[in-house]
Amino acid sequence: MAKLNAVNRLASHPAGILGGGGALLFVLFIGLPVIALLVRAAQQSDFLDAVTGDVALTALRLSLFTSIVSIAVVVALGTPFAYLLARNESSWLRVIDTLVELPLVLPPVVAGFAMLMAFGRDGLIGSALADLGINIPFTTTAVVFAQIFVASPFFIRAAKLGFQSVPMDYEDVAQTLGVSPWSTFFRVTLPLAGPAMFTGLGLAWARALSEFGATMMFAGNLMGETQTMPLAIMSAMDPSLDNALALSVMLLLGSALMLAVLSLLTRRRWQGR
Amino acid sequence: MEAEWEIEPGQVLVLFGPSGAGKSTTLRAIAGLLRPLSGHVEIGGRVVYDDDDAIWVPTHQRRLGYLTQQYRLFPHLKVSANIGFGLQDRETSARKERVAELSSLFQLDGLADRYPWELSGGQQQRVALARALAPNPEMLLLDEPFASLDSELRRTLRRELRGMLAQSPVPVMLVTHDREEALALGDSVQVINEGKGLVTGDPVAVLGQPGQGRVARLVGVENLFDLTIQDRNPRDGTMSCIGRGLQLEVPLDSDISGGEAPDGGVDRVTVGIRASDIILAKEALTGSSARNQLQGKVISIESRPPGYAVTLDCGQPLRCHITGAALEEMKIRSGQQLWAVFKASSCFLVDDAQEQQQDTES
């Protein structure tokens, strides 16, 4: 009954009408290109050949490998860091907290360029690293660096909010029950912050997979070594659209799959949702 | 915070005081959730904190049960997992047995597979208590454990808790600002205010007839009168005091300051009378043992569950608590003339001099 009322009221409300129109336009705006991509792929007779072709598979393999490594690093280091940010009120941490979000607003191309200035052969520490025989720019490592740089804020921010949503009382109670602080973290804090962290993980992964600008600047575009899927799409545009189309559809389906998995993982089963 | 306690196994010490008095802080310090500046904490004969010897045992090694008014049941765990949370062996039959044992003790059978949000307030409270007791703690810390329940449920659970505590030989420290709760559960009570322990003793004595003015106000003594001693009567152990239209027979002032009679120069006293110690009558009682009979006009009648508070104007307002049945039977109305009757021993002297001295010290 209450639900019915809400719908009826919105139907005659100006915001309801405007909102409905907006929603329709928005769905068309997002949906049309997606449908166009799929229609075009369906029309392509040799679509399957392109998907299983060398260019596409090499790029896919590299993208998966680098993004998994990046996300593993971000989660491993970002989780304790996010916990510290959530639980500590000191002012120097507040400054770092702001710094964490810098990559969100920094154009990726600038990020890539800045990393070149730091780790490049003539860079701030890059020359010293080169003397030690360590070369980072224009290698697969550089791809991972670029992805970590742009993707980490998505995870750290979400994990911080997740931890903040767990009242410290839960941890206190767990410890009075004889459970060590470490054990408490894994048995209470982490499960309760889990849904928020999975959201962050998904966003960070998507961002890492789609990384383009920083990779281009800092890692270059070498097939098999630094040419991830977004770079491969760009490069494949020229001779024919086949490869670009194949890669795009693969990324599109991958993204859709990730959305579905995420909405499953972020469900809080203990609240009956 | 400055105070000292010692609790025997099976005994309940109530920390009583207004909010912000430092009660919860005390419990958190004992639990090791915050570190006191100095002091000594011993649980079950084991020193867990001592600033002189630099001893600090972390919370999870203190073997405590700690229950707050929010319960904080782990929302991602079912009832059985919540109860068993503090048990060391993870998936054994001993663990299952202990959980089952507590479930039936706390009347939680059949709820094992529910999540905390599917439970009523009273059930949540029982799960929290079962969880706290499961690892056999050496001590139980209860921080306003009934505060978020309605009064009827509070009474039921209080009775249950009393029974449960009688069975488990652990010392209990309970924090509350509810006088009824302190009286129902406490074996002894300490009144705390502004981080200081003011007085410790038997709940009925401390909360019923407190000897200090500060304590009297904290525990809510309804009637406090500043009077002048007119006449001492050592043979009966009483004296007459007057002030602003009021004359009372009260116990001789030897009660004050722990049995020491103040020098004869003191002739001003503060007298307290609990509202529930006063009998209301329509006519003067003849041939009664009660030494005090005051006539006065009813100036207000307020509901005060479970009864009523009637205020008479006997020169000074006098507050009396009566039941609803008595109110109806006597047909008490505003403006009516009634008699208030009470024994001399229902009057107690409140030591304001000591309080003033303390005030100048602090």
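The values are calculated or read from the model by the stated rules, or taken from the named source; none is laboratory data. Because the structure is a prediction, the values reported are computed rather than measured. When we count neighbours, we look across all protein chains shown, and the Cβ atoms used for this are built from the backbone with ideal geometry, even at glycine.
Of all residues in region B:150-179, those that are in contact with a Ser or Thr (Cβ under 9 Å, 6 or more places away or on another chain) and without any contact (Cβ under 8 Å) to a residue 60 or more places away in the chain total 1.
Based on what the data block shows, is A:VAL51 buried (at least 16 other Cβ atoms within 10 Å of the Cβ), at pLDDT 90 or above and β-branched (Val, Ile, Thr)? In short, no.
Looking at B:GLU152, B:GLU91, can you tell me which residue is under 30 Å from B:GLY17 (Cβ atoms) and modelled with pLDDT under 85? Break it down stepwise before answering.
On the way: B:GLU91 fails: under 30 Å from B:GLY17 (Cβ atoms).
Answer to the check: B:GLU152.
Does region B:103-115 include one or more residues that are away from every other protein chain (no Cβ under 12 Å) and either in contact with a Pro (Cβ under 7 Å, 6 or more places away or on another chain) or under 17 Å from B:PHE146 (Cα atoms) (or both)? The answer is yes; a qualifying residue exists.
Yes or no, residue by residue, for (1) among the charged types (D, E, K, R); (2) within 18 Å of A:ALA159 (Cα to Cα):
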| position | (1), (2) |
| --- | --- |
| A:THR79 | no, yes |
| A:TYR83 | no, yes |
| A:ALA86 | no, yes |
| A:LEU93 | no, yes |
| A:THR98 | no, yes |
| A:LEU102 | no, yes |
| A:VAL105 | no, no |
| A:PRO108 | no, no |
| A:ASP122 | yes, no |
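Can you say whether B:LEU34 is assigned to a loop (DSSP other than H, G, I, E, B) and within 14 Å of chain A (Cβ to nearest Cβ), as far as the supplied structure shows? In short, yes. Restricted to region B:262-345, the set of strands (runs of 3 or more DSSP E) holding at least 3 residues that are buried (at least 16 other Cβ atoms within 10 Å of the Cβ) and either in the same structural domain as B:SER240 (by TED's automatic domain parsing) or modelled with pLDDT of 85 or more (or both) comprises B:268-273, B:292-304, B:307-313, B:317-322, B:337-342. Considering only residues of region B:185-198 that are modelled with pLDDT of 80 or more and small (Gly, Ala, Ser), which is nearest to B:GLU144 (Cα to Cα)? Across region B:185-198, the extreme among qualifying residues is B:GLY186.
Do you know which of the residues in region A:184-237 that are of a type in the set (Phe, Trp, Tyr) and over 20 Å from A:PHE65 (Cβ atoms) is surrounded by the fewest Cβ atoms within 10 Å (Cβ to Cβ)? Filtering first and then ranking leaves A:PHE186.
Among the helices (runs of 4 or more DSSP H) lying completely within region B:74-157, list those that include at least 2 residues that are under 23 Å from the mean Cα position of the chain (by Cα) and crowded, with 20+ Cβ neighbours inside 10 Å.
Working: elements: B:79-83, B:93-105, B:121-133.
Qualifying helices (runs of 4 or more DSSP H): B:121-133.
Annotation note: of B:TYR71, B:TYR49, B:TYR66, the sole residue that is of a type in the set (Phe, Trp, Tyr), buried (at least 21 other Cβ atoms within 10 Å of the Cβ) and more than 13 Å from chain A (Cβ to nearest Cβ) is B:TYR49. Among the numbered conditions (1) within 14 Å of another protein chain (Cβ to nearest Cβ); (2) among the hydroxyl-bearing types (Ser, Thr, Tyr); (3) over 30 Å from B:HIS76 (Cα atoms), the only one that A:THR215 does not meet is (1).
Criterion applied to A:LEU222, A:LEU245, A:LEU190 was being in a helix (DSSP H, G or I) and away from chain B (no Cβ under 14 Å), and the one residue passing it is A:LEU245. Can you list residue pairs whose Cβ atoms sit under 6 Å apart, with the first residue in region B:105-116 being not assigned by TED's automatic domain parsing to the domain that holds B:ARG131 and the second being outside any loop (DSSP other than H, G, I, E, B)? Count only pairs 6 or more apart in sequence or on different chains. Final answer for the pair search is none. Only one entry of A:TRP205, A:TRP182 meets the criterion of being aromatic (Phe, Trp, Tyr) and within 14 Å of chain B (Cβ to nearest Cβ), and that entry is A:TRP182. Selection of region B:223-250 for residues being in contact with a Leu (Cβ under 9 Å, 6 or more places away or on another chain), under 20 Å from B:CYS314 (Cα atoms) and surrounded by 13 or more Cβ atoms within 10 Å (Cβ to Cβ) yields B:ASN223, B:PHE225, B:LEU227, B:MET239, B:SER240, B:CYS241, B:ILE242, B:GLY243, B:LEU246, B:GLN247, B:LEU248, B:VAL250.
Confirm whether A:VAL74 is touching a residue at least 40 places away in the same chain (Cβ under 8 Å) and in a helix (DSSP H, G or I).
On the way: touching a residue at least 40 places away in the same chain (Cβ under 8 Å): yes; in a helix (DSSP H, G or I): yes.
When the stated conditions are applied, A:VAL74 passes them.
Do we have B:VAL199 as assigned to a helix (DSSP H, G or I) and surrounded by fewer than 22 Cβ atoms within 10 Å (Cβ to Cβ) here? Show your work before the answer.
Values: assigned to a helix (DSSP H, G or I): no; surrounded by fewer than 22 Cβ atoms within 10 Å (Cβ to Cβ): yes.
For B:VAL199, the condition - assigned to a helix (DSSP H, G or I) and surrounded by fewer than 22 Cβ atoms within 10 Å (Cβ to Cβ) - is not met.
Consider region A:106-164 and keep the residues that are touching a residue at least 40 places away in the same chain (Cβ under 8 Å) and charged (D, E, K, R). The one that is surrounded by the fewest Cβ atoms within 10 Å (Cβ to Cβ) is A:ARG157. The set of residues from region B:35-50 being modelled with pLDDT of 80 or more and of a type outside the set (A, V, I, L, M) comprises B:ARG35, B:PRO36, B:SER38, B:GLY39, B:HIS40, B:GLU42, B:ARG46, B:TYR49, B:ASP50.
If a residue must be over 25 Å from A:ALA82 (Cβ atoms), of a type in the set (Val, Ile, Thr) and part of a helix (DSSP H, G or I), how many such residues does region A:120-169 contain?
The number of residues fulfilling the criteria is 1.
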